[in-house]
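Since the structure comes first, as structure tokens, the remarks are kept for the end.
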Amino acid sequence: MSKYASGAEGDRRGSPRVSTQRAGKLLCGAFAWDCVIRDVSDGGVRVQMLAGAAPPARVQLVDLAAGLAHDVQLAWQKDREVGFKVLKTHDLRGLTHASARTAKNIWAASQARLSAS
């Protein structure tokens, strides 16, 4: 069975995985990489990098559709597919901690582009 198969017997997670096709950004310092969030579970996310860059071990993942930023730690990488363990989640739709300020600015800019079109 494939690592990404939907069958429960191949999945070692304690919570179910939800498939998505949402746009995301990985942030680390002054760098940002575009990605697609492929699936989400309570404890982790799987993303597909749109460029061939290898992300650092700890980054912040901005889910542009959901208005969330996740502090994440690299769990595994295979080609452009990357798995992260979620350490903390920030809701960008309200007051935001200073550690998620850049994520909120990027999310707000993406929302402004959506409403302008």
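A short reminder: the numbers here are calculations on the coordinates, not readings from a lab. None of the values given here were measured: they were computed from a predicted structure. Using ideal geometry, Cβ is built from the backbone for each residue, glycine included, and neighbour counts are taken over all protein chains shown.
Descriptive notes on the structure:
- Max-minus-min Cα coordinates of the stretch 48-102 on each principal axis give 36, 19, 15 Å, with the largest extent listed first.
- Hypothetical label at Phe31: residues of the stretch 56-70 whose amide nitrogen lies under 16 Å (7 Å Cα-Cβ projection): 56-62
- Separation in nanometres of the label points that stand 7 Å from Cα toward Cβ, at Leu87 and Ser99: 0.7
- Over the chain: helical MRE at 222 nm, DSSP H runs n ≥ 4 each giving -39500 (n - 2.57), nearest 500: -4500 deg cm²/dmol
- Scanning the chain for trypsin sites (Lys or Arg not before Pro) lying in DSSP loops with no more than 13 further Cβ atoms inside 10 Å, the longest uninterrupted stretch between such sites is 14-92.
- Per-residue Cβ neighbour rank within 10 angstrom, fewest leading, Cys35, Cys28: Cys28, Cys35
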